[in-house]
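The values are calculated or read from the model by the stated rules, or taken from the named source; none is laboratory data. For clarity, every value in this text was computed on a predicted model and none was experimentally measured. Counting neighbours? That spans all protein chains shown, and the Cβs are built from the backbone with ideal geometry, glycine included.
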Amino acid sequence: MNLAVHFGAGNIGRGFIGALFSQSDYQVIFVDIADDIIQQLNSKKRYNVKLATDGQENITIENVSGLNNMKQEEQVIEAIGRTTYLTTAIGPNILPHIAPLIAKGITERVKTNSERLYVIACENQISATDFLKDYIVENLDEETKKVIDGKVLFLNSAVDRIVPMQHNQGSLDVLVEPYYEWVVEAREEIPSVEGMKIVSDLAPYIERKLFTVNTGHAVIAYLGYLKNKATIHEALNDNTILEQVHATLAETGAYLIKRYNLDATEHQQYIEKIIERFKNAHLNDVVTRVGRSPIRKLGPNDRLVRPALEAAKVNLSYVNLAKAIASALHFNDENDPEAVKLQIMIKEKGLQAVLNEVCGLDKNSEITQKIIRNYKAISVKEDF
Ligand SMILES: NC(=O)c1ccc[n+]([C@@H]2O[C@H](COP(=O)([O-])OP(=O)(O)OC[C@H]3O[C@@H](n4cnc5c(N)ncnc54)[C@H](O)[C@@H]3O)[C@@H](O)[C@H]2O)c1
Ligand SMILES: O=P(O)(O)OC[C@@H](O)[C@@H](O)[C@H](O)[C@H](O)CO
């Protein structure tokens, strides 16, 4: 049986990527720092993926186990030595922290194993695997750096499945939406995994996903948060929020259609399908999860700022994206370390400096001015 080593036994790890490997007859070793999850994986050796539908269908996931990367380094290195795939779903900010251990695993592996290793970061970030590769290479000695070409293949990917926070403390089971899409960029044949779609150019897929699913999600989360809505589906019941999502996705859509020569009707259907996915009340997806890590989400290459900048470059509207950015700057969840940090930064440095430092926006640019105007409008009047 082939092996897949997956870093991050969280929602996407167990509910999507690990599950697909298991269903494709791979043995799956999850690597995580959460002791309770690792212990349960090793004692139960199985869990259920539950579909967020009226029927709540169950899929049993087997051949799974776990390792703690902080406490079981040697075992992780040994597993990397014999795995076919090494995947992650851990959050883009965590990739630099797991890279040293992966580098150790690769260093040992290439000494004895000539089989190719396939590395895929499954994160909501453009070129996440390229970033992971750079972090890993920084941790390799010169000799290993010379031999990894051809022995380790780093493949970028786009992952799409809504997996909310789980409200089942003590259980490994994961509630997921039925829809999923996993697109991997590869220019040669790679070992097959059920549900993995191979493309030669990922750019249109990842941009379409990030700037539709994740931009739309962010708009609902940040406006929902401002209007005291607990969940995404509840926020979408508010017509002003629903209208704002449509208006913002019309802006990202205009950019995507122009940039990738998409069919406008098909893209509109894609948008409608995604908004229907957001309405799934079985998911009970809280706005604080979807809005989490606002500093990351406000980054220059992420779901809000990048499409606004791209739209501006080609003279397309970004009025509603500017509103979304302004609402993200108001996200003040006290349980979210990045939200807390962002609010302190705004207080101490001012909005213009934060837009420059966090979003990479020029202090005097038109987009900065638009965001500041919207930010102030929200401060004085919450319904906009
Ligand atoms: N949940 C979704 O709907 C969804 C969909 C598509 C993509 N994603 C992306 O997948 C990634 C993971 O998201 P998630 O929702 O599964 O998050 P999650 O918080 O449920 O899972 C992350 C896991 O990583 C583990 N972890 C954190 N730091 C670690 C470390 N240093 N070493 C080992 N393990 C560590 C955590 O313990 C946790 O189990 C993110 O990049 C996210 O954007 C999520
Ligand atoms: O995971 P994040 O924090 O980048 O974004 C939050 C949600 O938008 C995201 O997890 C979606 O549920 C997911 O990307 C759907 O495929």
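Within the range 64-91, residues that are closer than 11 Å to Val31 by Cβ have Cβ atoms under 6 Å from residues that are of a type in the set (D, E, K, R) and crowded, with 23+ Cβ neighbours inside 10 Å in these pairs: Ile80/Arg109, counting only partners at least 6 apart in sequence or on another chain. Checking each residue in the range 1-41 for being of a type in the set (S, T, N, Q) and within 16 Å of ligand 2 (Cβ to nearest atom) picks out only Asn11.
Considering only residues in the range 127-160 that are within 14 Å of ligand 1 (Cβ to nearest atom) and surrounded by fewer than 22 Cβ atoms within 10 Å (Cβ to Cβ), the one that is nearest to the chain's Cα centre (by Cα) turns out to be Ser127. Counting only residues that are surrounded by fewer than 15 Cβ atoms within 10 Å (Cβ to Cβ) and among the small types (Gly, Ala, Ser), which one in the range 35-64 is nearest to ligand 1 (Cβ to nearest atom)? Looking at the filtered set, the residue picked out is Ser43.
Here is a yes/no grid of residues against (1) away from ligand 1 (no atom under 16 Å from the Cβ); (2) among the hydrophobic types (A, V, I, L, M, F, W, C); (3) under 20 Å from Val163 (Cβ atoms):
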{"residue": "Val213", "(1), (2), (3)": "no, yes, yes"}
{"residue": "Ile220", "(1), (2), (3)": "no, yes, yes"}
{"residue": "Lys227", "(1), (2), (3)": "yes, no, no"}
{"residue": "Ile232", "(1), (2), (3)": "no, yes, yes"}
{"residue": "Asn237", "(1), (2), (3)": "yes, no, no"}
{"residue": "Leu242", "(1), (2), (3)": "yes, yes, no"}
{"residue": "Val245", "(1), (2), (3)": "yes, yes, no"}
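Annotation: of all residues in the range 213-253 being more than 13 Å from Ala324 (Cα to Cα), among the β-branched types (Val, Ile, Thr) and in contact with a helix residue (DSSP H, G or I) (Cβ under 6 Å, 6 or more places away or on another chain), the one that is surrounded by the most Cβ atoms within 10 Å (Cβ to Cβ) is Ile232. With respect to the conditions (1) away from ligand 1 (no atom under 16 Å from the Cβ); (2) of a type in the set (A, V, I, L, M, F, W, C); (3) assigned by TED's automatic domain parsing to the domain that holds Leu304, Ala186 lacks only one, and its number is (3).
The residue that is farthest from ligand 1 (Cβ to nearest atom), counting only those in the range 194-211 that are of a type in the set (D, E, K, R) and surrounded by fewer than 18 Cβ atoms within 10 Å (Cβ to Cβ), is Asp201.
From the list Arg292, Arg306, exactly one residue is crowded, with 20+ Cβ neighbours inside 10 Å and in a loop (DSSP other than H, G, I, E, B). Which is it? Just one listed residue meets the conditions, Arg292. List every residue pair whose Cβ atoms sit under 7 Å apart, with the two residues 6 or more apart in sequence or on different chains, where the first one lies in the range 194-216 and is assigned by TED's automatic domain parsing to the domain that holds Ala247 and the second, anywhere, is among the acidic types (Asp, Glu) and within 11 Å of ligand 2 (Cβ to nearest atom). Every condition considered, the pairs that remain are Lys209/Asp160; Val213/Asp160. Taken as a whole, the condition of being within 22 Å of Leu283 (Cα to Cα) and charged (D, E, K, R) does not apply to Lys197. Looking at Lys258, is it surrounded by fewer than 18 Cβ atoms within 10 Å (Cβ to Cβ) and under 20 Å from the mean Cα position of the chain (by Cα)? The answer is no for Lys258. As for the range 335-346, it holds no residue that is surrounded by fewer than 14 Cβ atoms within 10 Å (Cβ to Cβ), modelled with pLDDT of 95 or more, hydrophobic (A, V, I, L, M, F, W, C) and touching a helix residue (DSSP H, G or I) at 6+ places or on another chain (Cβ under 6 Å). Across the range 315-373, the number of residues qualifying as in a loop (DSSP other than H, G, I, E, B) and within 24 Å of Asn228 (Cα to Cα) comes to 8.
When we screen Asn320, Asn280 for residues that are within 16 Å of ligand 1 (Cβ to nearest atom), over 18 Å from the mean Cα position of the chain (by Cα) and touching a residue at least 60 places away in the same chain (Cβ under 8 Å), the only hit is Asn280. Take the residues in the range 2-19 that are surrounded by fewer than 21 Cβ atoms within 10 Å (Cβ to Cβ) and within 21 Å of Leu283 (Cα to Cα), then tell me which one is nearest to ligand 1 (Cβ to nearest atom). Step by step, filter the range 2-19, then rank; the result is Gly10.
The condition of being assigned by TED's automatic domain parsing to the domain that holds Gly10 and closer than 24 Å to Pro300 by Cβ holds for only one of Ile220, Ile162, Ile126, Ile148, that being Ile126.
Exactly one residue out of Glu188, Glu143, Glu207 is within 14 Å of ligand 2 (Cβ to nearest atom) and either farther than 18 Å from Ala281 by Cβ or in contact with an Asp or Glu (Cβ under 9 Å, 6 or more places away or on another chain) (or both), and it is Glu207.
Residue count for the range 161-177, restricted to those that are near ligand 2 (Cβ under 10 Å from one of its atoms) and either over 20 Å from Lys279 (Cβ atoms) or within 14 Å of the chain's Cα centre (by Cα) (or both): 4. I'd like to check something: does the range 102-117 contain any residue that is within 11 Å of ligand 1 (Cβ to nearest atom), assigned to a helix (DSSP H, G or I), free of Cβ contacts under 8 Å to residues at least 24 places away in the same chain and not assigned by TED's automatic domain parsing to the domain that holds Arg208? No, that holds for no residue.
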